[in-house]
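Values quoted throughout were computed directly from the atomic coordinates according to the rules given, and no laboratory measurement underlies them. Keep in mind the model is a prediction, meaning the values are calculated, not measured. Glycine also receives a Cβ, built like all others from the backbone with ideal geometry; neighbour counts cover every protein chain displayed.
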Amino acid sequence: MDSEFLTDTSQQHSGIHTLEPKKWVELHADYLYNFAIVRLNDEEQARDLVQETFLSALEKTAGFRGESAERTWLTAILKYKIIDIYRKKAGSFAVNDKTGAPDNEPEFFDPDLNHWKKEHWPAPFGVEDKDPLHNKEFMGVLERCMSRLPSLWMSVFKLKHMDEENTEFICKELKLSSSNFWVIIHRAKVNLRSCLQKNWI
């Protein structure tokens, strides 16, 4: 039996993946762009990040171990570039205003309990329900509502509910305290729920 065939078969069974940089644009550009656009809501920025991802990946090919699929590896590079943008947005807020909240907004959170007040406890929010998420019209309304959030709120919300990152990771990457994180998540949900009630329900 051909030795080359044996090598290929062995790699497939062992789960080893290879890189094909010449095919990246053809195979992965659209996917990566869609991944970026729903997290940034900025077409030009999304296109730029895809290009940056390919350039970074070319520089890191020697470090690719083949343990993950090519697209998974590229997506991971893109994801960290998106988090860098989130981090810059988070850093634009003053230390004493890490929630980025309007001055006249009601106080929903009890810092002593490190949780929101009982009277303001959020009802179940539509984005956690899997069924509506498959509805393109709903997603369009949700994206428009999210685009109205302060950039820090949107960054935290998307990391938590789209990328399913844990609280510790988000706080570390965006340099937020646990209290600030929960304030932002709650306020983002309250605002999104209000927007969806006006534009969807």
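Name the trypsin sites (Lys or Arg not before Pro) in the stretch 53-84 that are in a loop by DSSP and that have at most 15 other C-beta atoms within 10 Å, would you?
LYS60, ARG65
So if we plug the beta-carbon distance of SER178 and LYS23 into 1/(1 + (r/R0)^6) with R0 = 45 Å, what FRET efficiency do we get, rounded to 0.05?
0.55
So for the pair GLU59, VAL38, with labels modelled 7 Å out along Cα→Cβ, what separation do we get in nm?
2.9 nm
Anything over 30 Å Cα to Cα? Flag those among LYS79/LYS198; LYS60/LYS158; LYS22/LYS79; LYS60/LYS175; LYS175/LYS198; LYS22/LYS81, in the order listed. Display every interim value, and only then the final one.
Values: LYS79/LYS198 32 Å; LYS60/LYS158 27 Å; LYS22/LYS79 21 Å; LYS60/LYS175 27 Å; LYS175/LYS198 33 Å; LYS22/LYS81 22 Å.
Over 30 Å apart, Cα to Cα: LYS79/LYS198; LYS175/LYS198.
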